[in-house]
Each structure stands twice: as C-alpha cells, then as structure tokens.
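The values are calculated or read from the model by the stated rules, or taken from the named source; none is laboratory data. What you are looking at is a predicted structure, and each value in this text was computed from that prediction instead of being measured. Cβ sites come from the backbone with ideal geometry, for glycine too, and all protein chains shown count toward neighbours. Just so you know, the surface numbers come from the protein's heavy atoms only, side chains and all, with ligands and any DNA or RNA stripped out. Shrake-Rupley method; radii C 1.70, N 1.55, O 1.52, S 1.80 Å.
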Amino acid sequence: MLRHFAAVAFALLALPVLAPARAQAEQPRVEILDHGIYATGTRTTVPMPISVSGKMNVVANVRLLQATREVMGQLGTSFGFRYRVHGVPDGATVTIRTRHPRLTHPDTGKSMTYGEREQTVTDGGERYTGYSFDASYEIAEGEWSFQIIYQGRVIGEQKFRVVVPMN
C-alpha cells in the first residue's frame with residue numbers, strides 16, 4: 001500500500017515537470033514543404049489593401065518547377081513556398097507578411113516595403129503563399145521574405161534573393 005502511495009505521489013509531483021514539455025510540443029510552428037519557382041493554375045484577383053498594387057492573385061494547382069532560394073526577377077515568374085501550420089486550432093487566422101525592397105506603383109505613387117494579408121488555416125493543412133511578377137515595377141533586386149505570423153509572433157519564414165538580370 002505504501003509503495004502504491006509513493007508511486008501516485010511521484011506521478012503527481014512529476015506532472016508539473018511534464019506539462020511544460022507537452023505545451024512546448026504543441027507550440028504553433030510552420031513546416032515548410034518546398035520552396036522555389038512555381039507554375040500556378042487558375043488565378044483570381046482579389047483586393048489586398050496592404051500592398052503596393054492593392055490586389056493579389058489567389059491561385060490554384062501550384063506546381064514546383066525549381067527548388068531554389070535565388071529567383072531571377074522576370075515578368076511572369078512566380079515564387080514562394082508550400083507549408084503546413086501545426087499547433088493552431090482549426091479555423092485560426094494567421095497573417096502572411098511579404099517583406100521586399102521598396103516598390104512604387106507608377107500610377108498611384110504608393111510605395112511600400114511589405115504586403116500583408118490574413119488567411120484562415122487548419123492544423124496540418126497544406127497552404128501556398130508566394131509572389132508573381134506581373135508588372136515591371138514589382139521586380140526589385142534584394143532579399144524577399146514571407147513570414148507566417150500567429151498571435152503577433154513569427155512562427156515561420158522563408159527567404160529568397162531576387163536577382164535582376166542585366167539587359
């Protein structure tokens with residue numbers, strides 16, 4: 001009987017030590033599945049107020065063409081990454097922030113170094129985020145990064161280097 005009591009007491013004392021380890025295993029995080037240059041299928045253009053163009057393309061049927069972190073800045077090039085978010089409740093909202101060198105829209109004069117939008121995710125669900133050079137003013141040499149932010153904290157990031165070819 002005393003041995004049983006000691007085992008239960010030890011188990012109860014160990015719970016506070018085990019609880020933080022379990023909580024850490026459930027911390028929100030991003031698993032990057034692949035990254036690089038993609039072919040994109042159907043595109044639908046929707047408003048994106050926090051961007052230099054004021055809009056974004058929602059794409060379907062993405063297919064990785066080349067795994068790379070260096071992207072040639074050319075019209076029509078789409079780059080980004082596929083990922084899964086873990087440790088968040090289904091239906092959670094994350095912020096997708098794209099940081100880039102300063103871009104200036106020639107018609108509006110709007111100038112920015114980032115774009116931002118919200119996206120609903122499911123735990124373990126596969127997603128894609130990226131950028132497509134659809135206008136020449138969007139092509140800027142330098143570091144570009146895509147951040148996944150949950151509850152004010154960056155939980156995943158993928159960086160690229162855009163290189164503008166000499167004409």
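Of note:
- Among residues of the stretch 133-158 being more than 15 Å from the chain's Cα centre (by Cα) and among the hydroxyl-bearing types (Ser, Thr, Tyr), the one that is farthest from ARG99 (Cα to Cα) is SER136.
- For the stretch 56-85, the set of residues classified as open to solvent by 80 Å² or more (accessible area, probe 1.4 Å), more than 20 Å from HIS100 (Cβ to Cβ) and either of a type in the set (Ser, Thr, Tyr) or outside any strand (DSSP E or B) (or both) consists of ASN61 only.
- For the stretch 86-113, filtered to residues that are touching a helix residue (DSSP H, G or I) at 6+ places or on another chain (Cβ under 7 Å) and open to solvent by less than 70 Å² (accessible area, probe 1.4 Å), the residue that is nearest to HIS35 (Cα to Cα) is LEU103.
- Restricting attention to the stretch 19-46 and to residues that are modelled with pLDDT of 95 or more and among the β-branched types (Val, Ile, Thr), the residue that is nearest to GLY130 (Cα to Cα) turns out to be ILE37.
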